[in-house]
Every structure is written in structure tokens, then in C-alpha cells.
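Peer 1: Sharing a structure with you now.
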Amino acid sequence: MRVIINGWQEGFGKVAMTKLQVEMLGLGLKEAKENVEAILEYEAVEIEVADLDIAKEFVEKSVELGAVATIIQ
């Protein structure tokens, strides 16, 4: 399944979002930073996540940080 992040709201936690991707999804720092930069440019970012529970938790935490995120199976 995939997590789609396609926007952000005021107060978006850029550094926290980068850290969340590294810690929860195992992405490299460079890729996580590139994803955040794309999000800030209102480009949709797709991230492949193997586990549904991890995907749900990641989306929940992303939304708390100000991202607009959903899961697509």
C-alpha cells in the first residue's frame, strides 16, 4: 500500500516530518528531506509502506504535524 502526502497546512513541522519518515519508514535522510521539500512545493509524494498498521500510524502522525496525507491500498 502507499501513503500519499499531497499538501500541508500552516504550522507544518518540516524537521519533525523529515525525522518521522526516517524513524517510522526507514527512509534515508536525503530522501526524507527531498520528500518534505516536494510537499512544501505542493507536489504529491507517494511512499510505499508494507504494513497497514505502520501506514495508519504514519498518516496519523503526519496529519498531527500539518501534512495532508491518506492511504491508498
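All of the numbers you see were taken from the coordinates with simple rules; none came from a lab. Small disclaimer: the values here were computed from a predicted structure and weren't measured. All Cβ positions, glycine included, derive from the backbone under ideal geometry; neighbour counts span all protein chains shown.
Peer 1: Send over the Kirkwood Rh of the range 1-50, from the inverse of the averaged 1/r over different Cα pairs, rounded to one decimal Å.
Peer 2: 10.9
Peer 1: From the helices alone, meaning DSSP H stretches of at least four residues, give me the mean residue ellipticity at 222 nm for the chain, per-run term -39500 (n - 2.57), in deg cm²/dmol to the nearest 500.
Peer 2: Values: 3 runs with 37 residues, N = 73.
Per the formula, -16000 deg cm²/dmol.
Peer 1: Along the charge dipole of the chain, Cβ charges K/R +1 and D/E -1, which of 18, 71, 7 sits furthest on the positive end?
Peer 2: So the residue we want is 18.
Peer 1: Size of the dipole of the chain about the Cα centre, Lys and Arg at +1 and Asp and Glu at -1 on the beta carbon, nothing else charged, in debye to 20?
Peer 2: Taking the Cα centre of the chain as origin, the dipole is about 120 debye.
Peer 1: Oh, and also: Taking only Cα atoms and a 10 Å spring cutoff, compute GNM fluctuations for the chain and point out the largest among 15, 49, 36.
Peer 2: 15
Peer 1: For the chain, what is the number of Lys pairs with C-alpha distance below 16 angstrom, counting only pairs 8 or more positions apart or on separate chains?
Peer 2: Values: 14/30; 14/33; 14/61; 19/30; 19/33; 19/61.
The number of close lysine pairs in the chain is 6.
Peer 1: Using Cα pairs under 8 angstrom and six or more residues apart, how large is the relative contact order of the chain, in percent?
Peer 2: Value for the chain: 56 percent.
Peer 1: Still on this structure, please answer the following. Once phi is turned into θ = phi - 60°, what whole-Hz ³J(HN,Hα) does the Karplus curve with 6.51, -1.76 and 1.60 give for every residue of the range 37-46, x standing for Gly and Pro?
Peer 2: 3J(HN,Hα) across the range 37-46, in whole Hz: 4, 5, 4, 5, 8, 6, 8, 6, 10, 10.
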